[in-house]
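Input: a single structure, listed below in structure tokens.
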Amino acid sequence: MTLEEKAKLLVGAGRGFGPPPAALTAGKKDSTNARPVAQPAGPMIGVTEQKVPGAAGVTYAIPRLGIPAMVLSDGPAGLRISPIRKGDSTKTYYATAFPVGTLLASSWDVDLVKKVGVAFGSEVHEYGVDILLAPGMNIHRNPLGGRNFEYYSEDPLVAGSMAAAIVNGIQSNGVGTSIKHFIANNQETHRNTINTIAGERALREIYLRGFEIAVKESNPWTVMTSYNKVNGTYTSERADLVTTILRKEWGFKGFVMTDWGGGRDPIAQMKAGNDLIMPGNPTQAKAIIDAVNNKQLDESVLNANVEHMLNIIVESPAFKKYKYTDKPDLVKDAGVSRWAAGEGMVLLKNTAGTLPLKGRKTIALFGNTSYDIIAGGTGSGDVNKAYVISLDKGLQNAGFTVNASLLNAYPPYIKDAKAKRPKTRMFQAPPPIPELTVTPAELTQDANDAAAAIITLGRNAGEGADRKLENDYYLSDVEKDMIKSISAAFHAKGKKVIVVLNIGGVIEVASWRDSVDAILLAWQPGLEGGNAIADVLSGKVNPSGKLATTFTMDYKDVPSAKTFPGKEYPDQATGEGFRRQMPAEVTYEDGIYVGYRYYNTFKVAPAYEFGYGLSYTTFGYAGLKLSSPTFNGKITASVTVTNTGKVAGKEVVQLYLSAPAAKMDKPAMELKGFAKTRLLQPGESQKLTFVITPRDLASYDVANEQWLAESGTYVVSIGASSKNIKQTAKFTLGKETVVEKDEQALAPQIAISELKSK
Ligand code: BGC
């Protein structure tokens, strides 16, 4: 392979947009890292018009050596390609919109998530794509994170386990994945410039840990570095991240790619071991060739990166000349999507058996998104699906009648209001349309005619922007009025009011939840959403999802509320229009105290805690047993769960560990295992077993760069949630143990005042 071929292979084949504007290319200095800027700035979302139209990018082909181009395509909730092709009016290329990551994680069911992956990956394969740019697995650090819907959880064990499950499922089809965004892409505000300042322990235990689990348990073909900097340097330019931690410590075998337009300096990226620069442009390849010729870059660096890529290329469908059909089984996959959606919905409230709905009566269905359901978020996480089942359709498919006056009023109102909306820029979540208002007289009539009211509240967000507090995290005044007036009218007639939350991330619930009888958190449930919600409302599916992210009483209770989304430096901004880039920084003062680690330790009562979710049945827990009272290499814990109610159901069981914390600062408890029972009939029991490993006992001891387990007594808590602990047991570790020695990496350059519990 010639030097030129190597450089081109390591830089994506671009998107046919031509070279970046001269002002942004080599020669101009970026004040933030004083390196030549060699690629375009600004939010970049890939769309190719090549082999698979609408794919995000392609790698460079070298036919002389039999190296094909690989096609890379988004995204986490389904394959994002163009559904219609120029000059091809006979066929469509729709893909299945699966439920978003937040919903999948709420299933706490790795077998289910793997099966979703198997179906998902078959579409990737049959549409001629080699590598899927998913799953997204950053931590839900703050509820306003614009891409939280794409991600799984506030907890790294849940995030890592879900990512591993879906990667194993997708890759079983012979296609690749790209776990992203490595690391700390926990906000969208200034995503291309934000400098995340975080301590080594928080990075190791919270922000890296999920990726570590995914790499070790599923061997993803690729890892995508994030847009942000960590402690002063872009993640794609950090050898300590992509080589020391990822390859050396975790044994990663695939290749690393940048996010689209991520980082600044191709030479630093090559040296760091960020093998592939995406989407790629000729300026970057030239910069790499020049650097080798000028002896600024050793060609052996390129050889290593090329080898990483070739190891994957030889596995790819493109290399194997797979004859894809462009005909995945969309009917079968829609069934998978519906099933998964039902399994990940969370029943938050259910007073006096409001749900499941009894009989197949008339429902008064309120809320725009009842009729125009949000299947998934916006941006590269969106999917071009052939249809979306709304809740009115889903209810009718399940045999319910939807109150005719509402059914006649909503759809034309929504169509009209949408047509009046201002145009948004590419991928920007459209502003929500105002809720249809119903007069008091109409409401009284609806309450007479219908057996119950359902109000859907919808929220959408996506890449490029974080969510807002007003009219998003908090309900709008119109929504609050709607809940109040509908509840008053229906309660006056002794009828129940159910709220369905069609949201991608957390909203405020505490101020209004007492007004209604039941709340079903349906998340953004994919293209079969309306059917899946009706499955749960009707009792065809007994809800078994639990929260993988906390709903706090108020935004101010969130530990990162004070530091999110950070400080900006407008006087240092560069570029114009959508290319405008502003240096900014965010300091993770919350340290390791993210999510329930904070709420439990600092005794802040949430509205609905991590791990919480109701069922139409009840469960009993008994017989927690540890394999030994002393820790010696490992301990197993077993517990028996019994369905003590009247209908069949599944229970998510969680294992939390509390450490002695004599020397180290430790959260009150941390999730170290979870399992979901099979469908248990009334009276039926299942024994679940968990393995506790040395690493589960350990925390990262920054001073000595090691994972350290303190001696003393550890408490195992088996819970139905992080607050509803059912059984506890203790074991001791006789001697302080160094579980693993690591190298220093990602150290902050400045002192951070991190939250401590003592
Ligand atoms: C997003 C990635 C995505 C890529 C390609 C970027 O803007 O951050 O998640 O995979 O575009 O479309």
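Given the conditions (1) of a type in the set (A, V, I, L, M, F, W, C); (2) closer than 26 Å to Asn195 by Cα; (3) not in a loop (DSSP other than H, G, I, E, B), report the number of the one that Ala751 does not fulfil.
Evaluating Ala751 over (1) of a type in the set (A, V, I, L, M, F, W, C); (2) closer than 26 Å to Asn195 by Cα; (3) not in a loop (DSSP other than H, G, I, E, B) leaves (3) as the failure.
Counting only residues that are assigned to a helix (DSSP H, G or I) and open to solvent by less than 10 Å² (accessible area, probe 1.4 Å), which one in the stretch 150-164 is farthest from Lys672 (Cα to Cα)?
Among those residues, the one meeting the criterion is Glu150.
Using the structure shown, decide if Asn173 is open to solvent by 10 Å² or more (accessible area, probe 1.4 Å) and either aromatic (Phe, Trp, Tyr) or in contact with a Gly (Cβ under 6 Å, 6 or more places away or on another chain) (or both). Please lay out each step first, then the result.
Values: open to solvent by 10 Å² or more (accessible area, probe 1.4 Å): yes; either aromatic (Phe, Trp, Tyr) or in contact with a Gly (Cβ under 6 Å, 6 or more places away or on another chain) (or both): yes.
In short, yes.
What is the number of the single condition among (1) within 16 Å of the ligand (Cβ to nearest atom); (2) over 21 Å from His190 (Cβ atoms); (3) not aliphatic (A, V, I, L, M) that Gly261 does not meet?
Status for Gly261: all satisfied but (2).
Hey, could you check the stretch 171-205 for residues that are outside any loop (DSSP other than H, G, I, E, B) and among the small types (Gly, Ala, Ser) and say which is nearest to the ligand (Cβ to nearest atom)?
It comes out as Ser178.
From the list Trp512, Trp523, exactly one residue is touching a Lys or Arg at 6+ places or on another chain (Cβ under 7 Å), away from the ligand (no atom under 16 Å from the Cβ) and over 16 Å from Ile363 (Cβ atoms). Which is it?
Trp512
Can you pull out every residue in the stretch 207-234 that is in contact with a helix residue (DSSP H, G or I) (Cβ under 6 Å, 6 or more places away or on another chain) and not in a strand (DSSP E or B)?
Of everything in the stretch 207-234, those that are in contact with a helix residue (DSSP H, G or I) (Cβ under 6 Å, 6 or more places away or on another chain) and not in a strand (DSSP E or B) turn out to be Arg209, Gly210, Ile213, Ala214, Glu217, Ser218, Pro220, Trp221, Ser226.
For every residue, the table says whether it meets (1) at pLDDT 95 or above; (2) over 29 Å from Lys114 (Cα atoms); (3) open to solvent by less than 30 Å² (accessible area, probe 1.4 Å); (4) not aliphatic (A, V, I, L, M).
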residue	(1), (2), (3), (4)
Val331	yes, no, no, no
Gly335	yes, no, no, yes
Trp339	yes, no, no, yes
Leu348	yes, no, yes, no
Pro356	yes, no, no, yes
Arg360	no, yes, no, yes
Asn368	yes, yes, yes, yes
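Quick one: which of Ile62, Ile45 is away from the ligand (no atom under 16 Å from the Cβ), open to solvent by less than 40 Å² (accessible area, probe 1.4 Å) and either at pLDDT below 95 or over 24 Å from the mean Cα position of the chain (by Cα) (or both)?
Answer to the selection: Ile62.
Of the residues Gln681, Gln727, which single one is more than 29 Å from the chain's Cα centre (by Cα), under 23 Å from Asn600 (Cα atoms) and among the polar types (S, T, N, Q)?
Result of the check over Gln681, Gln727: Gln727.
Any chance you could count how many residues in the stretch 103-148 are in a helix (DSSP H, G or I) and either at pLDDT below 95 or within 16 Å of the ligand (Cβ to nearest atom) (or both)?
3
Is it the case that some residue within the stretch 271-291 is within 16 Å of the ligand (Cβ to nearest atom) and outside any loop (DSSP other than H, G, I, E, B)?
yes
Considering only the stretch 709-728, how many residues are open to solvent by less than 20 Å² (accessible area, probe 1.4 Å) and within 28 Å of Thr550 (Cα to Cα)?
Number of matching residues: 9.
Answer yes if at least one residue in the stretch 495-504 is touching a residue at least 60 places away in the same chain (Cβ under 8 Å) and more than 30 Å from Val336 (Cβ to Cβ), and no otherwise.
The answer is yes, given that some residue of the stretch 495-504 is touching a residue at least 60 places away in the same chain (Cβ under 8 Å) and more than 30 Å from Val336 (Cβ to Cβ).
The values are calculated or read from the model by the stated rules, or taken from the named source; none is laboratory data. Because the structure is predicted, anything quoted here is derived from the model rather than measured. Backbone-built Cβ (ideal geometry, glycine too); neighbour counts: all protein chains shown. These area figures cover heavy atoms from the full protein model, side chains too; ligands, DNA and RNA do not enter into them. Shrake-Rupley method; radii C 1.70, N 1.55, O 1.52, S 1.80 Å.
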